[in-house]
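The values are calculated or read from the model by the stated rules, or taken from the named source; none is laboratory data. Since we're looking at a predicted model, the values are computed, not measured. Reconstructed Cβ throughout: ideal geometry from the backbone, glycine too, with neighbour counts over all protein chains shown.
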Amino acid sequence: MAASRPPSTPMSKIERAPTLTPGGTSKSKEEKIFVTVRVRPLSKKELAMKDQVVWECADSQTILYKGPPQDRAAPTSYTFDKVFGQSCQTDLVYEDGAKDVAMSALTGINATIFAYGQTSSGKTFTMRGVTESAVSDLYKHIQNTPEREFTIKISAMEIYNEDVKDLLKPGSGSLRLLDDPEKGPIVDKLDEQVAKDKEHLRHLIGICEEQRQVGETALNDASSRSHQIIKLTVESKLREVSGCVKSFVASLNFVDLAGSERAAQTQAIGARLKEGSHINRSLLTLTKVIRKLSSEKRSGHIPYRDSKLTRILQLSLGGNARTAIICTMSPALTYVEQSRNTLFFATCAKEVTNTAKVNMLYLTSNL
């Protein structure tokens, strides 16, 4: 079980040490973002419209476009780290698409999992299942590692109309972003709570989900109108050690992005139209950042600061973290252009390289 209170020993320094290879030599861990694609089944509305399925998974890594009989264009294939067809359960998406990255946080490596796709494509459904499975695995590891003392803290925010709001402390107003020389971009005065155990953490996550902005559109009865970021801070140290103690510390982020949308299809007006405009602008900035980072030269200005979403996710995009992106999409012909846009994003994202390092706290123990 996780400790019920933060460590009492004072923090003196954060060091980002290189990861250790099995041979014991120090080495920074450079790796590409792990990108998967999940194709959901046809929705009730799509079935009622007798929409046609035009996307299929040819194998575990390839998704294929097969247009209608009147479309003589050759099928187009896309290849990713993993693809999941309509019959795949969320447990498998987690196991093959997110678990390895998520569990890195237990060894001091920052990790981020996020879902990207058009509105009503299954992002929130997928992220809830992935988050639940990751929380279960975190506590399984804690129970099986009695020689270490673990502390798990949670903070959570949503970005709604470019305002950052605290999901654990509703009514606290819009929060500012600050630049920390060691941690990078941080959200000022964001509430953070210590999880007493697995059930307490689940309860806190549930509170965050209840506070999130949702609204009805023509495509989704409960469409997420904000980007949600749940951040777990995972710390661990050896028990009963005196003197200078090295403690692992890492962030594990679960990011459920609002969906890209077209006003004509969502039939958005008034507040919904304004929300959609903010959502699309921030996702456009995210796409620009991904495209810049995926280019071979990777030179010039990276527009992280053009939106609060990309600024908050800066370390996860080309920085000190391991990142997995789950792209969700509809198989329907009606949304073929949105699906192609999602696959274009995924294709760029798989070329982005992060450099993850082990993060350690140096503590002076009073034992």
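Quick notes on this structure:
- Filter pass, ILE186 being in contact (Cβ under 8 Å) with a residue 24 or more places away in the chain, under 22 Å from PHE114 (Cα atoms) and of a type outside the set (D, E, K, R): no
- Of the set (1) buried (at least 23 other Cβ atoms within 10 Å of the Cβ); (2) modelled with pLDDT under 95, all apply to LYS246 but (1).
- Single match in THR323, THR342 (criterion: touching a residue at least 24 places away in the same chain (Cβ under 8 Å), of a type in the set (S, T, N, Q) and part of a strand (DSSP E or B)): THR323
- Among the candidates ALA218, ALA156, the residue that is of a type in the set (A, V, I, L, M), at pLDDT below 85 and either farther than 23 Å from VAL101 by Cα or in contact with a helix residue (DSSP H, G or I) (Cβ under 8 Å, 6 or more places away or on another chain) (or both) is uniquely ALA218.
- Residues satisfying the stated conditions in the stretch 272-286, i.e. surrounded by 18 or more Cβ atoms within 10 Å (Cβ to Cβ) and either more than 20 Å from SER251 (Cβ to Cβ) or of a type outside the set (A, V, I, L, M, F, W, C) (or both): ARG272, GLU275, GLY276, HIS278, ILE279, SER282, LEU283, THR285
- Answer residue from the stretch 153-179, given it is surrounded by 13 or more Cβ atoms within 10 Å (Cβ to Cβ), of a type in the set (A, V, I, L, M, F, W, C) and over 18 Å from the mean Cα position of the chain (by Cα) and is nearest to ALA195 (Cα to Cα) among those: LEU168
- Note on the stretch 18-43: among residues that are at pLDDT 95 or above and not in a loop (DSSP other than H, G, I, E, B), the one that is farthest from ASP81 (Cα to Cα) is VAL39.
- Checking PHE114 against (1) hydrophobic (A, V, I, L, M, F, W, C); (2) free of Cβ contacts under 8 Å to residues at least 40 places away in the same chain; (3) crowded, with 18+ Cβ neighbours inside 10 Å, the condition it does not meet: (2)
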